[in-house]
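Colleague: Here it is: the structure, laid out below.
Every number here is computed from the coordinates shown, using simple stated rules; none is lab data. Just so we're clear, the structure is a prediction, and the values are computed from it rather than from any experiment. Cβ coordinates were reconstructed from backbone atoms using ideal geometry, including for glycine residues, and neighbour counts include every protein chain displayed.
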Amino acid sequence: MMNINEIKAILPHRYPFLQVDKVLELVEGDYIIAVRSVSNSELVFEGHFPNNPILPGVLIIEAMAQTAGLLAFKTINQTASSQKAYVVAAIEEAKFRRPVLPGDQLFIRAHIKSRKKMIWKFGAVCHLNSMEGDEVASATITCAERDLFN
């Protein structure tokens, strides 16, 4: 439904911090399903951990937050070129259930729990290799809309 170039046209993130590779489904105002492929060549694996690479939990949270940001931008019909960003304001109920390794794919589902003016609350969950795969992580993510200043 949305490829990497379309994602980059919406989100302000770029390599090496862009954490979403494609979007499979998106229902504006409701939910999104996105994919993040984990490559062995990612720089983070040089130090986390040598000879036993594991994707850091903070990057899993960031993938969920970026997925939620895509849903928010599409819901209000804006893009990064609109000089807006959604920054993480709170992470609640975060749970990590299994390690994510090189070669894995995260299937990320985020849905809007609430929206009050410029504050959005999302529920998010990551599954391994498909939406029916093992649950990897989940969290409630609160994002605040902010103007970007050059």
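Colleague: Give the Rg (one decimal place) followed by the Dmax (whole number) of the chain, computed from C-alpha coordinates and expressed in Å.
Modeller: When restricted to the Cα atoms of the chain, Rg and Dmax are 14.7, 46 Å.
Colleague: Still on this model: Using a basic spin-label model with each label point 7 Å from the Cα along Cα→Cβ, how many nm lie between residue 51 and residue 113?
Modeller: Between residue 51 and residue 113, the simple spin-label model gives 4.1 nm.
Colleague: Taking R0 as 25 Å, what's the FRET efficiency between residue 134 and residue 76 from their Cβ-Cβ distance, rounded to 0.05?
Modeller: With R0 = 25 Å, the Cβ-Cβ based efficiency is 0.15.
Colleague: Just want the answer: with Cβ charges of +1 for Lys and Arg and -1 for Asp and Glu, which residue in 35, 123, 89 is farthest toward the dipole's positive end in the stretch 4-147?
Modeller: 89
Colleague: Please rank 116, 121, fewest neighbouring Cβ atoms within 10 Å first, as an exposure proxy. List each step's numbers first, then the result.
Modeller: Details: 116 7, 121 17.
Taking fewest neighbouring Cβ atoms as first place, the list is 116, 121.
Colleague: Next up: Of the chymotrypsin sites (Phe, Trp or Tyr not before Pro) in the stretch 83-150, which ones lie in a loop per DSSP and count no more than 15 other C-beta atoms within 10 Å?
Modeller: 149
Colleague: Further question: Just want the answer: with Cβ charges of +1 for Lys and Arg and -1 for Asp and Glu, which residue in 53, 15, 66 is farthest toward the dipole's positive end in the stretch 4-147?
Modeller: 66
Colleague: To continue, here is another question. Given +1 on the Cβ of Lys and Arg, -1 on the Cβ of Asp and Glu, and no further charges, what dipole in debye does the chain carry about its Cα centre, rounded to the nearest 20?
Modeller: Here the size comes out at about 480 debye.
Colleague: Here's something else I'd like to know. Relative to the longest principal Cα axis of the chain, at what angle does helix 57-75 sit, 0 to 90 degrees, rounded to 10?
Modeller: With both axes taken from Cα atoms, the answer is about 30 degrees.
Colleague: Through the Karplus equation 6.51 cos²θ - 1.76 cosθ + 1.60, θ set to phi - 60°, convert the phi angles of the stretch 34-42 into ³J(HN,Hα) values in whole Hz; use x for Gly and Pro.
Modeller: 10, 10, 10, 8, 9, 9, 5, 8, 5
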